[in-house]
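Each value in this text was obtained by applying a stated rule to the coordinates, not by laboratory testing. Predicted model only: the values in this text are computed from it and were never measured. Every residue, glycine among them, receives a Cβ derived from its backbone with ideal geometry; neighbour counts consider all protein chains shown.
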Amino acid sequence: MSKVETKLEVVTIPVSDVDRAKTFYEGLGWRVDADFSKGDDWRVVQLTPPGSACSIFVGKGLTTAAPGSVQGLLLIVDDIQAARADLAAHGASPSEVFHFDGTLRVTGTKDRLPGPDPERRSYMSWISFSDPDGNGLLLQEVTTRLPGRGVSSFDVATLTDLLRETEHGHGAYEAIAPKHHWSGWYAAYIVARQQGKTPEDAAKDAGRHVESVLR
């Protein structure tokens, strides 16, 4: 039985001052997608982080949740140090980079150890920051995704980098492979990377795909 795609696209963040929250998130470089109001009692603003397929709502009359009660909203970056510098330059007060002593906690500082993961493993280095109401966000550094945890959409910069990586991998393969059309290798490689496979495993998948077509 096929699964129905169910995509998380918006998370509601409870705030006490809509304009203040809008200014804060927009100041971080988040895109303002919508700002609707009805009278004095209802308003919703949708904002989207750069490169994200998921947005947030902040508003008035939108939720009964207490302002500041959302904790552990997770944002993924590929360079934790650069992300921290960017946040600091745009009005946030991020923590120093840290890693956990084996236990993830989305609030407080228990089990946090200073500095990035000593081995710089993917998923293991973090920073935290809060919006003006105290809603807590975490940034997690992901450089190589685990199998099955790929992304389903790309921005232009991400896709450009992936295409360059694919071109490089195909160049090495083309030098030793029988004559084939590059598009099949590219497609198989990109799908594998989207599924979270490493460049090495994606290249193996792409090679196997070409071989199956040529049989």
Note on the range 10-141: contact order normalised by length, alpha-carbon pairs under 8 Å, 6 or more apart, percent, works out to 26
Nearest-0.05 FRET efficiency for residue 176 and residue 76 at R0 = 41 Å, using Cβ-Cβ distance, is 0.70
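Antiparallel versus total DSSP beta bridges in the range 57-139: what percent is that, nearest 5?
Values: 8 of 12 bridges.
Counting only bridges with both partners in the range 57-139, antiparallel ones make up about 65 percent.
Within the set of other residues whose C-beta is less than 14 Å from the C-beta of residue 11, count the net charge using Lys and Arg as +1 and Asp and Glu as -1.
Details: positive: 7; negative: 9, 33, 131.
Net local charge, residue 11 excluded: -2.
Can you compute the FRET efficiency between residue 16 and residue 104 using 1/(1 + (r/R0)^6), with r the Cβ-Cβ distance and R0 = 25 Å? Round to the nearest 0.05.
Working: r = 28 Å, r/R0 = 1.13.
For residue 16 and residue 104, the calculated efficiency is 0.30.
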In nm, the gap between the two label points placed 7 Å beyond Cα toward Cβ at residue 204 and residue 112 is 3.9
Taking Cα pairs closer than 8 Å and at least 6 residues apart, the relative contact order of the range 1-80 in percent is 34
The answer for the net charge of residues other than residue 89 whose Cβ lies under 15 angstrom from its Cβ, with Lys and Arg +1 and Asp and Glu -1, is -2
Packing-ranked peptide list from 56-62, 165-171, 21-27, highest mean Cβ count within 10 angstrom first, is 56-62, 21-27, 165-171
Summing -39500 (n - 2.57) over every DSSP H run of at least 4 in the chain, dividing by its residue total and rounding to the nearest 500, the 222 nm mean residue ellipticity is -10000 deg cm²/dmol
The set of residues whose placed amide H lies less than 5 Å from the amide H of residue 10, leaving out same-chain residues fewer than 5 positions away, is 55
